[in-house]
Amino acid sequence: MSAAELRPHIDAALVRRLVDAQFPQWRALVIRPVEHDGWDNRTFRLGEELSVRLPSAAGYREQVAKEQEWLPRLAPLLPLPIPQPLAQGEPTEEYPLPWSVYRWLPGTPVVLRGDVSQDVALAEAIGGFLVALRSAPADGAPGPGTHNFFRGAPPEVYGEEALAAFPVLGADAAARARALWAEATASRWQGPPVWFHGDVAPGNLLVDASGALSAVIDFGTSGVGDPACDLVPAWTVFEGAARDAFVATVGLDDATWARARGWALWKAAITVRDRPADAEARATLARILR
């Protein structure tokens with residue numbers, strides 16, 4: 001594949017052609033972009049009740065079949081709605097990747113709601129969802145791999161990348177980062193593999209008009225293994241009483257929290273390395289290093 005084929009151009013006109021050709025029963029439905037879109041996948045509204053989700057590059061193609069198979073199994077076991085796949089689209093010459101049609105989930109992404117760092121109720125709701133998720137049966141479910149960029153593995157899977165990024169943080173911050181990384185990589189998950197979401201980010205958490213958590217979306221990096229990667233909102237989203245509430249609700253031992261901080265540290269460090277002016281990444285990094 002060429003570089004262009006690896007990240008195909010995706011717009012509403014392409015989605016119209018794909019839907020009309022493969023799902024003619026939905027030809028009359030209007031297609032329009034969503035207000036907040038992702039990087040791994042592009043999402044479009046299809047009428048009022050449906051959405052279309054397309055991987056933005058070949059590296060995300062494995063996630064389609066995973067979500068098609070596992071989300072219907074997980075949905076009845078969880079306290080909040082998650083995406084409901086209705087159909088799987090086939091690759092074409094124009095768009096050489098599989099894609100999906102989902103039931104539309106109403107709500108506003110937390111990322112669009114402003115500062116929620118002190119929202120105790122939201123922290124408890126997210127924590128409760130993660131507890132329910134990791135209680136779901138994991139037999140036969142996908143472990144860490146290329147489909148989820150090795151979420152669920154020990155954080156040291158990104159050790160070379162993390163250690164290479166630390167020097168750009170400055171001498172004192174780099175020393176602190178190396179010490180925290182040593183703690184993060186000193187343990188392993190001792191229990192059986194459990195379900196995790198893999199990307200508990202504000203863009204994947206929907207809230208209703210009252211601000212209550214109403215749905216969790218984008219399970220592309222989900223799988224079974226070590227749930228430490230799901231604990232990063234303790235540094236990336238919440239502070240103060242809300243952070244305490246999230247930690248208490250989620251539970252888990254100190255070693256798992258150390259690995260969680262490793263996951264958060266890796267992502268913050270490489271973001272600051274690549275985008276030095278990113279104020280949010282720098283603020284997250286400061287919280288991690290405190």
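Brief remarks follow.
- Put simply, the convex hull of the Cα atoms in the stretch 199-253 casts, on average, a shadow of 4.4 nm².
- Taken about its Cα centre, the chain carries a charge dipole of roughly 160 debye when the Cβ of each Lys and Arg holds +1 and the Cβ of each Asp and Glu holds -1.
- Here the 3J(HN,Hα) profile of the stretch 233-246, calculated from phi with Karplus coefficients 6.51, -1.76 and 1.60 at θ = phi - 60°, is x, 4, 10, 8, 10, 10, 9, x, 4, 5, 4, 4, 5, 5 Hz, Gly and Pro shown as x.
- Modelled spin-label separation between HIS36 and SER117, with each label point placed 7 Å from Cα along the Cα-to-Cβ direction: 1.7 nm.
- Across all C-alpha atoms in the stretch 109-289, the radius of gyration and Dmax reach 15.7, 45 Å.
- In loop segments of the stretch 5-46 as defined by DSSP, the trypsin sites (Lys or Arg not before Pro) with at most 14 further C-beta atoms inside 10 Å of their C-beta are ARG27.
- Gyration tensor (alpha-carbon) shape descriptor, the stretch 3-105, a/c threshold 1.5: oblate
- Amide hydrogen neighbours beyond the local backbone of SER56, cut-off 5 Å, H modeled: ASN41, ARG42
- Close amide-amide hydrogen proximity is noted between GLN84 and ARG103, each under 5 Å apart and 5 or more residues distant or on a separate chain (H modeled in the peptide plane; Pro and chain starts excluded).
- Packing order of peptides 216-224, 245-253, highest average first: 216-224, 245-253 (average count of other Cβ atoms within 10 Å over each peptide's residues).
- Simple spin-label estimate for ASP172 and ARG188 gives 3.8 nm between the two label positions (7 Å along the Cα-to-Cβ direction from each Cα).
- Note on the chain: GNM, Cα springs under 10 Å; of ARG176, ARG259, ARG134, the largest mean-square fluctuation is that of ARG176.
- Note, ³J(HN,Hα) from phi for the stretch 26-35, Karplus 6.51, -1.76, 1.60, rounded to Hz, x at Gly and Pro: 10, 4, 7, 7, 6, 10, 8, x, 8, 5
- Taking the charge dipole of the chain about its Cα centre, with +1 at Lys and Arg Cβ atoms and -1 at Asp and Glu Cβ atoms, the residue from ALA12, VAL194, ALA141 reaching farthest to the positive side is ALA12.
- In this structure the amide hydrogen of GLY89, modeled in the peptide plane, comes within under 5 Å of the amide hydrogens of TRP99, SER100, VAL101, none closer than 5 places in sequence on its chain.
- Estimated vicinal HN-Hα couplings, Hz - the stretch 50-58 in sequence order (Karplus 6.51, -1.76, 1.60; Gly, Pro = x): 10, 9, 10, 10, 10, x, 7, 7, 4
- Length-normalised contact order for the stretch 48-125 - Cα pairs under 8 Å, 6+ apart - percent: 34
We did not get these values from a lab; they are worked out from the coordinates using the rules stated. Note that the structure is predicted; figures quoted are calculated from it, not measured. Here the Cβ is made from the backbone with ideal geometry for all residues, glycine too, and neighbour counts use every protein chain on show.
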